[in-house]
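Here is the structure we will look at.
The values are calculated or read from the model by the stated rules, or taken from the named source; none is laboratory data. These figures come from a predicted structure and were not determined experimentally. With ideal geometry, Cβ positions are generated from the backbone for all residues, glycine too; neighbour counts draw on all protein chains shown. Please note that ligands, DNA and RNA were not included when accessible areas were found on the heavy atoms of the full protein model with its side chains. Shrake-Rupley method; radii C 1.70, N 1.55, O 1.52, S 1.80 Å.
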Amino acid sequence: MRRAALAAYLGGTLEYYDFYLYGTAATIVFPKIFFPAGNPALATISSFATLGVAYVARPFGAILWGHLGDRIGRKRTLVMTLSLMGMSTFLIGLLPAYGQAGTWAPILLVLMRVLQGVSAGGETAGAASVAMEESPIGKRAFYPSFTMSGIAGGLILSAVAFLPIAAMNEADRLAWGWRIPFLASALVLVVAFLVRRTLAEPVIFEEAAEQREIQKLPIVTMLKTHPKQLAQVALMTLSSVPLIVMQSFGLSFAVRAGIASSTMLWVTISGNVLSSITIPLMALLSDRYGRRPVFAGGILLCAVLIWPYLSAISALDVPLVFVVGIVIIAVGSAMPTGVYPAFFAELFNVKVRYSGMSLGMQIGFVVGGFTPLFATTLVGGSLDWSPAAWIVSITSVVAAAAALWARETNRSSLEDLGNPITRSDRRQAHV
């Protein structure tokens with residue numbers, strides 16, 4: 001259990017250091033490097049579009065890695081997802097700028113972002129499945145939650161990596177400084193790779209293989225047997241929207257309003273340092289009181305708090321930005337984040353778990369990944385932030401409703417997960 005949790009933590013740290021590093025760079029640096037000069041607003045929108053491309057690629061990654069994870073095993077698949085993410089991020093740090101390569105610069109950037117998306121399409125689902133399948137009832141959300149603590153760690157690392165870059169003079173930052181955080185991802189990759197290679201396959205997966213229950217086309221089987229659960233996971237994944245909007249649109253909007261980018265990076269760092277502690281605590285709450293109430297309660301809190309958060313940015317009220325931003329990250333978002341690695345995995349049977357969880361999540365991420373673009377386009381050059389707040393609130397309510405629609409799984413046995421609902425499940429749901 002501990003080894004699976006550690007591997008999940010380090011893998012999540014690397015994957016999302018790389019993934020969110022791109023989000024920060026897409027706001028601060030890429031519009032000035034990879035796109036033609038002369039129209040800053042158009043360059044920012046184009047940069048956010050490349051940010052969203054990875055979310056379009058994620059479902060294809062989910063299909064690929066889900067198939068491999070349910071066919072050849074979790075361990076080997078997770079080593080491959082990790083390697084692809086590390087390679088594509090490292091190569092971003094070597095790309096030529098628009099002034100050197102012309103239109104090839106954004107084309108190559110998009111290609112690397114697509115590879116990042118393909119990798120991310122199978123990472124969380126695989127790591128969460130391994131950790132959940134190795135955990136006992138009563139701790140089945142706690143151990144997988146370290147996947148998400150790792151993601152918080154990746155967010156912290158990506159923000160910390162850009163603090164000295166943001167403090168540079170612009171000429172050095174655009175010439176070479178921005179490349180350093182991308183090239184440094186190689187160090188995290190080596191550590192995570194060595195730990196992940198020590199993993200063993202979960203016993204329940206090995207038993208399924210011994211009993212010849214491995215499916216030739218797991219995704220086809222999943223679509224036939226778990227269509228409702230797929231829809232539930234896709235809708236619940238919209239719980240990612242508050243953090244995505246804060247990380248990308250919120251940063252861009254704050255800089256335009258007059259708040260320094262380094263200040264906003266410190267909001268992200270502070271919130272995620274705390275969330276690395278609160279996420280496992282929220283997971284323990286769901287082990288005790290149920291997945292659904294913790295998940296739904298947290299995302300509804302985000303739906304409310306996004307309004308004072310964006311209002312504080314508009315009013316240049318930095319102390320309030322810090323307080324509300326940290327509460328959203330470390331409490332509101334930490335509640336569904338601590339729950340969903342177990343909750344999503346528990347909705348599927350072991351034979352199709354990797355495929356179902358990964359595809360469902362990535363369908364939701366396709367919508368979530370483009371919300372900064374939608375928000376930026378709707379807000380335009382004004383300081384009317386309400387369209388962005390409405391996007392966060394509406395998607396959050398939808399995610400909460402999907403959580404209440406899903407089956408409560410915190411006390412189901414590992415063997416019963418993803419099977420038809422039993423009488424005991426109905427009694428538990430009623431209680």
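Could you tell me the distance between the Cα centroids of the stretch 96-165 and the stretch 338-355, to the nearest Å? Each part reduced to its Cα centre gives a spacing of 19 Å. Charge tally for Ala166 (other residues, Cβ to Cβ under 12 Å; Lys, Arg +1; Asp, Glu -1): -1.
Please turn the phi angles of the stretch 105-112 into ³J(HN,Hα) values with the Karplus equation 6.51 cos²θ - 1.76 cosθ + 1.60 (θ = phi - 60°), one per residue in order, whole Hz, x for glycine and proline. Those phi angles translate into 4, x, 5, 5, 4, 4, 4, 5 Hz.
Using C-alpha pairs under 8 Å with a sequence gap of at least 6, the mean separation divided by the residue count of the stretch 1-135 gives a relative contact order of 39 percent. Build a GNM of the chain with springs between Cα atoms under 10 Å: which of Gln215, Gln229, Gln116 gets the top mean-square fluctuation? In the Gaussian network model the winner is Gln215.
Our summary gives the chain a relative contact order of 26 percent, counting only alpha carbon pairs under 8 angstrom and 6 or more residues apart. Here the accessible area of the chain is 69 percent carbon and sulfur, with a 1.4 angstrom probe and all protein chains present. Binning the C-alpha pair distances of the stretch 288-418 at 5 Å intervals from 0 yields a P(r) profile of 2, 10, 16, 20, 19, 13, 9, 6, 4, 2, 0 %, listed from the shortest bin outward.
The angle between the Cα long axis of helix 227-236 and the longest principal axis of the Cα atoms of the chain comes to about 40 degrees, rounded to the nearest 10. Entry note, the stretch 96-248: relative contact order of 15 percent, from Cα contacts under 8 Å with a spacing of 6+ residues.
A 1.4 Å probe run over the chain, with the rest of the protein chains in place, finds 37 Å² accessible per residue.
Structure remark: mean-square fluctuation, Gaussian network model of the chain, C-alpha springs under 10 Å; the largest value among Ser129, Ser252, Ser386 belongs to Ser386. Over all other residues within a Cβ to Cβ distance under 15 Å of Val191, the charged ones net out to +1, with Lys and Arg as +1 and Asp and Glu as -1.
Among the listed pairs Lys75/Lys351; Lys75/Lys228; Lys75/Lys216, a Cα-Cα separation exceeding 24 Å is found for Lys75/Lys228.
Across the stretch 91-104, computed HN-Hα scalar couplings (Karplus, 6.51 cos²θ - 1.76 cosθ + 1.60, θ = phi - 60°) run 5, 4, x, 9, 5, x, 7, 4, x, 9, 10, x, 5, 5 Hz from first to last residue, x flagging Gly and Pro. Size estimate for the chain follows the Kirkwood approach: the inverse of mean 1/r over distinct Cα pairs works out to 21.3 Å.
Using heavy atoms of the protein chains and a probe of 1.4 Å, the accessible area assigned to Val79 is about 30 Å². Over the chain, dividing the summed -39,500 (n - 2.57) contributions of all DSSP H runs of at least 4 residues by the number of residues returns a 222 nm mean residue ellipticity of -24500 deg cm²/dmol.
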